[in-house]
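Below you will find the structure I want to go over with you.
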Amino acid sequence: MTELKVEQQLVTASEENNEPQSLLDRRLEAYKLMDKLQLPKMQRFKFHDWPLIKNQPLKWVASDPQAVLEDEADHEVIKVVQFGQSTIQIALPKELQDAGVILTDIFTAAREHENLFNKFFMTAIKPEENLLTAYHLAYLNAGLFLYIPRNVQIEKPIEAELIQDNTQDEPLISHILVIADRGSKVKFIQHLTTVGENEEPANMMIELIAQDNSEIDFSSLDELGSHTHTYFKRRADIGRDAHVEWAVGLMNDGNTVGDMDSELLGEGGYANSKMIAVTTRQQEVGINNRVTNRGKHTTGLINQRGVILEGSELIFNGIGQIIHGAHGSKADQQNRVLIMSDQARGDANPILLIDENDVEAGHAASVGPVDPHQMYYLMSRGIPRKQAERMVIRGFLGAVLSAIPSKDVRNKLVTILERKLTDGQQYQ
Amino acid sequence: MATLEVKDLHVSVKDEESKKEKEILKGINLSMKTGEIHAIMGPNGTGKSTLSQTIMGQPNYHVTQGDILLNGESIIDMPVDERARKGLFLAMQYPAEIQGVTNAEFLRAAINARRADDDQISVMDFIKKLDKNLKLLDMNESMTERYLNEGFSGGEKKRNEILQLLMIEPSFAILDEIDSGLDIDALKVVSKGVNSMRGDNFGSLIITHYQRLLNYIVPDTVHVMMDGRIVKTGGPDLAKKLEDEGYAGLRDELGLDIKLVDDED
Ligand SMILES: Nc1ncnc2c1ncn2[C@@H]1O[C@H](COP(=O)(O)OP(=O)(O)O)[C@@H](O)[C@H]1O
Ligand SMILES: [Mg+2]
């Protein structure tokens, strides 16, 4: 296909979607960039032959809401549901609307809140970073937008249920943009799942803009299907005295490569990036979890825990960087993986890049079997080996489990954890 | 009635530094029945913990000779969880800490592990039993929702071992230095817990360095262990005698050529 033709297709699709000219221009620019850019790099992990880009035009397809089971209404959260490209449920309580909170799908935001959208959309993650970020912007087809005005604190967590529709022949290219204005506070949970058996890529990006003194708790339960190749990139730009907590439960069944990024820009900022992952079968998963201390007196923490079952592979790179001038900063990271079978492969690599003397930095890493002392203790009370193993593993993953604010999502995570571990144990 | 027999038991362990197998137990004989309380006393480094861990089935300890029989059946090839379900319990000197698993959840799993799938303990029965035992041990209810041993003080861990004992109700409990690091009040509470188990269906092997515990849990039989062997067996008065004369005194009296690790007063 000629370049001109592809551009024409993007113009047509953008028009069909009633996008403002500014978004179309950015799509076209991003498309041009794709020629010059390469896939992202990850130490010790190969994924360059994965089908992460689908060579087909941007198209708008509706997904049938009947196809996704409705959970019982959970009144503990403000729920948003997106199935493929279709927004099925989105309702912001009136008092939050009155307070100026905006919660919409990403394209409504581009149309109706053009200034705000343009000011922040893809400013933390930049299209020119790599081939997949450029692809993301050029072919974006789903997503959400949340803006919390100055000093507004949202008590109830917002839960976004994003369901990839693999009954369709479409990739999912989704963007969540959260802008927490100064002094605001929000808890956001995303739950990713897949319906359907088609082989599709998922290109999932999240930008958190945590302005001065704001607080964002972001948890994610990733449960994309085995026929999905996932690239995700999640990044927080963290202002002065702002707090960002990530708690990610990575339970995808398919191959996944992901970048977590926390940029501590302002003085006194804080980031705690927690992730747990369980891999099974022949799955391959590679994660870069990076925290960069730029501002003075910033704190950056990384805690990654993985369990590698059957013939799967999991690589955790923890990257802690302290930039020159970030006096009095703190960086600490833990990367630990449990290897549960002879065929399982994995690594936990702490990478510390420190350009400043006046800092506190630490790291710990481990790769190995479950703790034999803990196993012995549980078994000495009569608990069978496999059950004991699951209990020890649950403890090993506890830090992320307990950080998820919704009981419902927490229970879901525990359930799929038990299922994956039980399945994986049969293989041992 | 259940029985536990240790016959000519030799046990070795791999030395971390030299990587060579080192013999720790050099022919232990011991025979007990439910309804009885036995005490094993001995100086540090003599092999008391090795004996208890070997009976329980800790995989680092290798039986090179002899046998251990539970109700006449050899258990030395059984994994630890199976031994536990057959009625053995070991209150450990250094209990593991397990984050993410609450004490209550752990206790239920342990109780249910020895019951049939269609006969699991009901929540009501479990809570009743738990409340009763917490009270007996003077333990706060909040202990049950805390993660297993995590951040527990030394004394709390010991109490928690006894709580497990009371909840699981094994036939034989080995208590390895349950008195170490306990003040007198805690010692009394722990003893009260163990004594409440006394009866025809319970036997215990109490391992201690000091005689003091045996004032509170009075044993039927006292064994003295030195250098991987039982060198003397007697009644409760043997413990008192040791208290007065020290291990060195007994060693000299028996004419043994053994170096004691720690100085005895
Ligand atoms: N797991 C082990 N690895 C190596 N040596 C051990 C191990 N357990 C015990 N030992 C050695 O065996 C001897 C007896 O130890 P232990 O049974 O702990 O004695 P006690 O409990 O009577 O103080 C000591 O010399 C000790 O160093
Ligand atoms: Mg000992």
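So if R0 is 35 Å, what FRET efficiency would B:D185 and B:D220 give, r being the distance between their Cβ atoms, rounded to the nearest 0.05?
Working: r = 26 Å, r/R0 = 0.74.
That pair, B:D185 with B:D220, gives E of 0.85.
Can you tell me, using C-alpha contacts under 8 Å and at least 6 residues apart, the relative contact order of region A:10-102 as a whole percent?
Relative CO of region A:10-102 lands at 21 percent.
Which residues of region A:350-377 bury at least 20 Å² of accessible area once all protein chains are present, versus their chain alone (1.4 Å probe)?
By number: A:H373, A:Q374, A:Y376, A:Y377.
What nm distance separates the two modelled labels at A:E114 and B:N71, each placed 7 Å from Cα along Cα→Cβ?
The two pseudo-label positions are separated by 8.3 nm.
Scan around B:I40 for amide H atoms under 5 Å from its own, H built in the peptide plane at 1.01 Å from N, and keep only partners 5 or more places away or cross-chain.
B:I206, B:I207, B:T208, B:H223
If the cut-off is 28 Å between C-alpha atoms, which lysines fall inside it for A:K420, apart from same-chain ones fewer than 8 positions away?
A:K46, A:K79, A:K187, A:K233, A:K274, A:K386, A:K407, A:K412
Per 20 Å bin, what percent of the C-alpha pairs of region A:3-370 does each bin hold, from zero upward?
Calculated over all Cα pairs of region A:3-370, the distribution is 30, 60, 10 percent.
Taking chain B as the reference, fit the longest principal axis to its C-alpha atoms, fit the long axis of helix B:123-136 to the helix C-alpha atoms, and give the angle between the two in degrees, 0 to 90, nearest 10.
Computed tilt is about 50 degrees.
Now a separate question. Taking all protein chains in place and a 1.4 Å probe, what share, in percent, of the accessible surface of chain B do carbon and sulfur account for?
44
Using modelled backbone amide H atoms (1.01 Å from N, in-plane), which distant-in-sequence or interchain residues come within less than 5 Å of A:R305's amide H?
Amide H to amide H, under 5 Å and 5 or more residues apart or across chains, A:R305 pairs with A:M275, A:I276, A:A277, A:R336.
Extending each Cα 7 Å along its Cβ direction at A:D358 and B:K14, get the distance between those two points in nm, one decimal.
Inter-label distance under the simple model: 5.0 nm.
Okay, next question. Just the number please: accessible area per residue for chain A, 1.4 Å probe, all protein chains included, in Å².
In whole numbers, chain A has 39 Å² accessible per residue.
Follow-up. Please give the helix B:103-113 orientation as an angle from the longest Cα principal axis of chain B, in degrees from 0 to 90, rounded to the nearest 10.
Relative to chain B, helix B:103-113 is tipped by roughly 80 degrees.
Also: May I ask for log10 I(q)/I(0) of region A:233-304 at q = 0.19, 0.23, 0.25 Å⁻¹, from a Debye sum over the Cα atoms as equal point scatterers with solvent left out?
-0.70, -0.89, -1.00
OK, next. GNM on chain A, C-alpha springs below 10 Å: top fluctuator among A:Q168, A:Q85, A:Q56?
Most flexible of the set in this elastic network: A:Q56.
Give me the distance in nm between label points sitting 7 Å out from Cα along the Cα-to-Cβ direction at B:E105 and A:A73, one decimal.
Using points 7 Å along Cα→Cβ, the separation is 3.1 nm.
Quick check: net charge around A:K187, other residues with Cβ under 12 Å of its Cβ, Lys/Arg +1 and Asp/Glu -1?
Details: positive: A:K156, A:K185; negative: A:E76, A:E155, A:E159, A:E215, A:D217, A:E245.
Here the count lands on -4.
Roughly how many Å² is the accessible area per residue of chain B, as a whole number, for a 1.4 Å probe? Could the numbers behind the result be given before it?
On the way: 11990 Å² over 265 residues.
In whole numbers, chain B has 45 Å² accessible per residue.
Based on the alpha carbon coordinates of region A:172-280, what radius of gyration and maximum Cα-Cα distance (Dmax) apply, in Å?
14.6, 47
With axes computed from alpha carbons, what is the tilt in degrees of helix B:236-254 against the longest principal axis of chain B, rounded to the nearest 10 within 0 to 90?
40
At a Förster distance of 45 Å, what's the computed FRET efficiency of A:T2 paired with A:N349, Cβ-Cβ distance as r, to 0.05? It would help to have the intermediate numbers written out before the result.
Numbers: r = 43 Å, r/R0 = 0.96.
E between A:T2 and A:N349, to the nearest 0.05, is 0.55.
Which of the lysines could be linked to B:K192 by a straight reach, that is with a Cα gap under 23 Å, when you skip same-chain ones fewer than 8 residues away?
B:K33, B:K128, B:K129, B:K132, B:K135, B:K157, B:K158, B:K240
Another one. Given a Förster radius of 25 Å and the C-beta distance between B:L256 and B:E23 as r, what FRET efficiency does 1/(1 + (r/R0)^6) yield to the nearest 0.05?
0.90
Something else: Expected output is a single nm value to one decimal: the length gained when fully extending between B:H62 and B:K7, i.e. 0.36 nm times separation in residues minus the C-alpha distance. What is it?
Extending this stretch completely gives an extra 18.3 nm.
The values are calculated or read from the model by the stated rules, or taken from the named source; none is laboratory data. As the structure is a prediction and not an experimental result, all values here were calculated from the model. So basically every Cβ, Gly included, is an ideal-geometry build from the backbone, and we count neighbours across all protein chains shown. With ligands, DNA and RNA removed, areas are computed over all heavy atoms of the protein, side chains included. Shrake-Rupley method; radii C 1.70, N 1.55, O 1.52, S 1.80 Å.
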